[in-house]
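So the structure is just underneath, and the comments pick up after that.
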Amino acid sequence: MDWSSKRCVPCDGGTPRLSAAQAAEGARFLTGWAVGAGGTRLTKHYEFRDFAGAMRFVNAMAEVAEAEGHHPDFLVHGYKQVDVTLWTHAVGGLSENDLILAAKLDARAESRPA
């Protein structure tokens, strides 16, 4: 499944969240993302060559998130590391939007020189 070719769609309270099994199956098509918190969170650790690289990624992540209307939680630490957590607040867990955004973030991270 090429999640990066899809677009995030607005979720409301009626949008079903993915089961833990569905989340794990969807994450099989992503590299380095882990399904945690009982299948309700998708997480990944990125490491860059330096602080500037980490911040370029954070800025690129913000652009993608705004374009998709789906916003991650993230933490910059150790000056060159970025941890990203995805989940859909409206459904209290994971939706396809999280898988889509994960794939698009990976594409942005790969397009940035280390």
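Points to keep in mind about this one:
- Relative packing of peptides 97-103, 64-70, 87-93 - highest average C-beta neighbours within 10 Å first: 97-103, 87-93, 64-70
- Met61, Met1 arranged by Cβ crowding within 10 Å, fewest neighbours leading: Met1, Met61
- What the Cα atoms of the chain give is an Rg and a Dmax of 13.5, 42 Å.
- Over the range 16-111, relative contact order from alpha-carbon pairs under 8 Å, at least 6 apart, %: 33 percent
Where a number appears in this text, it was derived from the coordinates with a stated rule and is not lab data. Bear in mind the structure is a predicted one, so any value in this text is a computation, not a measurement. Methodologically, a virtual Cβ is constructed for each residue, glycine included, from the backbone with ideal geometry; neighbour enumeration extends over all protein chains shown.
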